[in-house]
């Protein structure tokens, strides 16, 4: 399998639900709205296992599936299983050890999986992004997590993009919380736009996602 090229703008819908049945309903809305990638979110994989990746890949064979493991250790098996399940992309946390990053890169090269590094909680985001690219990561992305947002809702994580985009020569993703975040992230040079909550829990998730996707592609 060849690595999946990252040519933005790519809209990645984070399916952060707890059951495969619900995940398939969200995925259908996302695909109907025009999403480029489907993300088997960390909660989904944690509660349902790696078969959730396969369920999405089987049901929507034309749409790449990303496994958001947020790997930290013993990473090789997760990368290889992504490919076994029909996934195309997986994530590792940048705060993992350098040894784990190198091992994930090797496994990704062997299996054809595209490896994205989540810069979540990195003390120096731009510096760590450069290191990740030097190790061989295919992409990095800026991520202000749910707990961080709950504790400090006023923090504007989109502004961290500028330093990362200026520091690396690979596509940069942005975890967003709204359509407005995505539009600003594109203006700052992001290539991958990740959206899950709150849109996947909207009264009409397909309509909400369609509006988001249209804004990303038009801005």
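The values are calculated or read from the model by the stated rules, or taken from the named source; none is laboratory data. Worth saying up front: this structure is predicted, and the values here are computed from it rather than measured. Reconstructed Cβ throughout: ideal geometry from the backbone, glycine too, with neighbour counts over all protein chains shown.
On the given criteria, is residue 158 modelled with pLDDT under 95, surrounded by 19 or more Cβ atoms within 10 Å (Cβ to Cβ) and in a helix (DSSP H, G or I)? Don't jump to the end; show me each part of the working.
Values: modelled with pLDDT under 95: yes; surrounded by 19 or more Cβ atoms within 10 Å (Cβ to Cβ): yes; in a helix (DSSP H, G or I): yes.
When the stated conditions are applied, residue 158 passes them.
Hey, among 92, 53, which residue is buried (at least 20 other Cβ atoms within 10 Å of the Cβ) and outside any helix (DSSP H, G or I)?
Working: 53 fails: outside any helix (DSSP H, G or I).
Result of the check over 92, 53: 92.
Output the qualifying pairs, or none if there are none: Cβ atoms under 7 angstrom, residues six or more apart or on different chains, first residue in the range 18-44 and modelled with pLDDT under 95, second residue part of a helix (DSSP H, G or I).
Close Cβ pairs (under 7 Å, with a partner that is part of a helix (DSSP H, G or I)) do not exist here.
Within the range 1-23, can you find the residues that are over 17 Å from residue 178 (Cα atoms) and either surrounded by 17 or more Cβ atoms within 10 Å (Cβ to Cβ) or under 15 Å from the mean Cα position of the chain (by Cα) (or both)?
Passing the criteria: 4, 5, 6, 7, 8, 17, 20, 23.
Can you name the residue in the range 105-122 that is more than 30 Å from residue 152 (Cα to Cα) and assigned to a loop (DSSP other than H, G, I, E, B) and is also nearest to the chain's Cα centre (by Cα) among such residues?
Our first condition is that a residue be more than 30 Å from residue 152 (Cα to Cα); within the range 105-122, this holds for 105-114.
Imposing the further condition that a residue be assigned to a loop (DSSP other than H, G, I, E, B) reduces the set to 112-113.
Details: 112: 17, 113: 13 Å.
Ranking the qualifying residues of the range 105-122, first place goes to 113.
Residues of the range 195-219 being in a loop (DSSP other than H, G, I, E, B) and either free of Cβ contacts under 8 Å to residues at least 60 places away in the same chain or within 14 Å of residue 27 (Cβ to Cβ) (or both), which ones?
If the condition is that a residue be in a loop (DSSP other than H, G, I, E, B) and either free of Cβ contacts under 8 Å to residues at least 60 places away in the same chain or within 14 Å of residue 27 (Cβ to Cβ) (or both), then 202, 203, 204, 219 are the ones that fit.
Looking only at the range 56-77, count how many residues are in contact with a strand residue (DSSP E or B) (Cβ under 8 Å, 6 or more places away or on another chain), in a helix (DSSP H, G or I) and surrounded by fewer than 21 Cβ atoms within 10 Å (Cβ to Cβ). Let's see the steps before the verdict.
Just the residues of the range 56-77 that are in contact with a strand residue (DSSP E or B) (Cβ under 8 Å, 6 or more places away or on another chain), to begin with: 56-57, 60, 63-72, 75.
Applying the additional criterion that residues be in a helix (DSSP H, G or I) yields 56-57.
Going one step further and asking which of them are surrounded by fewer than 21 Cβ atoms within 10 Å (Cβ to Cβ), we end up with 57.
Adding up the residues that qualify gives 1.
Confirm whether residue 130 is out of contact with any strand residue (DSSP E or B) (no Cβ under 8 Å at 6 or more places or on another chain), surrounded by fewer than 18 Cβ atoms within 10 Å (Cβ to Cβ), modelled with pLDDT of 95 or more and not in a helix (DSSP H, G or I).
When the stated conditions are applied, residue 130 does not pass them.
Out of curiosity, is residue 99 over 18 Å from residue 148 (Cβ atoms), in a helix (DSSP H, G or I), at pLDDT 95 or above and touching a strand residue (DSSP E or B) at 6+ places or on another chain (Cβ under 8 Å)?
Considered against the rule, which asks whether it is over 18 Å from residue 148 (Cβ atoms), in a helix (DSSP H, G or I), at pLDDT 95 or above and touching a strand residue (DSSP E or B) at 6+ places or on another chain (Cβ under 8 Å), residue 99 comes out as no.
Name the residue, out of 149, 184, 102, that is more than 16 Å from the chain's Cα centre (by Cα) and closer than 25 Å to residue 78 by Cα.
On the way: 149 fails: closer than 25 Å to residue 78 by Cα; 184 fails: closer than 25 Å to residue 78 by Cα.
Just one listed residue meets the conditions, 102.
From the residues in the range 34-45 that are outside any loop (DSSP other than H, G, I, E, B) and touching a strand residue (DSSP E or B) at 6+ places or on another chain (Cβ under 8 Å), which one is surrounded by the most Cβ atoms within 10 Å (Cβ to Cβ)?
Per the criteria, the residue is 40.
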